[in-house]
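To keep things clear, I will list the structure first and then write my remarks on it.
The values are calculated or read from the model by the stated rules, or taken from the named source; none is laboratory data. Here the structure is a predicted model, which is why all the values come from computation and not from measurement. Positions of Cβ are generated from backbone atoms using ideal geometry, with glycine treated the same way; all protein chains shown enter the neighbour counts.
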Amino acid sequence: MTRFIRLALITGLLLVLMCSSAYAIPDWSFTLVTSGLSAPSGSTLTWEYTISNPDWTNRLVMTGLSSGIFQNGVPDASVFDLPILAPQSTVSGNLFQFTWDATATQGSTNSGYFTLSAEWYDGGFNFLETAPERSAFYAASVDNGGAPVPEPSTLLLLGVGGGAVAMMRGKWRMLRKFRGQFK
């Protein structure tokens, strides 16, 4: 009898272990359509995103957006609508905008990471767990176009060089005149 009870306990334990395997929620993805943008001073840049929910049964709910520090302009995260992704879906849209100050100089740059936070909910919108955060690198720079303006020191060097060439040319003329007198 003890042998039968022992066999029943082992079989029951194995059944419990096999049936209680935890469901693993798959990874979700977040990408920027274009990470590096450039525009003239005073203009607005807009980053676009794509988010995918590969899970077959659970919904992915965006709960927050953060970014690095922006300088020489005005950041605007209000264009991101914190979407709710149905199972097996992908969404795209505007993530973030930044308007350069009119006084931002050529080559001014902002860079950092946009970070999204999210939560998993089942089909009845019961909270399951917090999803791992996802980040994407961004960069923005001022590009006012046109030819670069030479620095004052460059103009000074060009002037001195041109003057030196003119002086040397004048000396050569004088030497030719001088040689002609002694022939």
statement: Residues of the stretch 20-78 being of a type in the set (A, V, I, L, M), touching a residue at least 60 places away in the same chain (Cβ under 8 Å) and part of a loop (DSSP other than H, G, I, E, B), in sequence order, are 25
message: I'm checking my understanding of the structure. Among residues of the stretch 76-108 that are within 14 Å of the chain's Cα centre (by Cα) and polar (S, T, N, Q), which one is surrounded by the fewest Cβ atoms within 10 Å (Cβ to Cβ)?
response: 94
message: Suppose we filter the stretch 109-123 for residues that are surrounded by fewer than 19 Cβ atoms within 10 Å (Cβ to Cβ) and under 19 Å from residue 36 (Cβ atoms); how many remain?
response: 5
message: Just the residues that are assigned to a strand (DSSP E or B), in contact (Cβ under 8 Å) with a residue 40 or more places away in the chain and not basic (Lys, Arg), please, taken from the stretch 116-134.
response: 116, 117, 118, 119, 120, 121, 128, 129, 131, 132
- prompt: Does residue 34 meet the test of being out of contact with any Leu (no Cβ under 8 Å at 6 or more places or on another chain) and either at pLDDT 95 or above or within 29 Å of residue 104 (Cα to Cα) (or both)?
  reply: yes
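When the stretch 89-118 is examined, which residues are found to be polar (S, T, N, Q) and out of contact with any strand residue (DSSP E or B) (no Cβ under 7 Å at 6 or more places or on another chain)? If you could, list the steps in order and put the result at the bottom.
Taking the stretch 89-118 as the starting set, the residues that turn out to be polar (S, T, N, Q) are 89-90, 92, 94, 97, 99, 103, 105-106, 108-111, 115, 117.
Matches in the stretch 89-118: 103 only.
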